[in-house]
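Worksheet: one structure, shown below.
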Amino acid sequence: MAEPKPSVLFVCVHNAGRSQMAAAFLTRLAQGRIDVRSAGSSPAETINPAVVLAMAERDIDLHAEVPKMLTAEAVQASDVVITMGCGDTCPVFPGKSYLDWSLDDPAGQGVDAVRPIRDEIERRVRALLDQLLP
């Protein structure tokens, strides 16, 4: 019987930047070997346009993505929960692996400010992939 796929949830406040970029990178790099979700504790109405542009430079299209509300069910369904600046609003459940990635918030930033955040997220996602799929 096949091993169950690991699942990862990326959480930030608005689910309009950091968590969307991380989920998109992991989705691409894992090629179906990991279940990937993202959510926000206070979701925005739309994805940050500078984030959409920065990810398009990496041939990842986020224009159709929609920020999603963080739910306890999403946390419970995930093996690894990676928070990015949502502080105490992220629910904590026993038995889950939690990581907090301290990253600048791209909200209100132009694409030039988003690129280094995007690149750092990609670096961390690649390291995470190596841990989850040795």
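The values are calculated or read from the model by the stated rules, or taken from the named source; none is laboratory data. None of these values were measured; they are calculated from a predicted model. Glycine also receives a Cβ, built like all others from the backbone with ideal geometry; neighbour counts cover every protein chain displayed. Just the protein is used for accessible areas: all its heavy atoms, side chains included, with ligands, DNA and RNA removed. Shrake-Rupley method; radii C 1.70, N 1.55, O 1.52, S 1.80 Å.
Numerical summary
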read-out: Selection count where residues are of a type outside the set (Gly, Ala, Ser), open to solvent by 10 Å² or more (accessible area, probe 1.4 Å) and within 16 Å of Asp59 (Cα to Cα), scope segment 19-39; value: 4
read-out: Which listed residue is among the small types (Gly, Ala, Ser), open to solvent by less than 50 Å² (accessible area, probe 1.4 Å) and more than 13 Å from the chain's Cα centre (by Cα), from Ala64, Ala16, Ala50; value: Ala50
read-out: Members of segment 77-134 that are more than 21 Å from Leu29 (Cβ to Cβ) and at pLDDT 95 or above; value: Gly110, Val111, Asp112, Ala113
read-out: Strands (runs of 3 or more DSSP E) wholly inside segment 17-126 containing at least 3 residues that are farther than 22 Å from Pro4 by Cα and touching a strand residue (DSSP E or B) at 6+ places or on another chain (Cβ under 8 Å); value: none
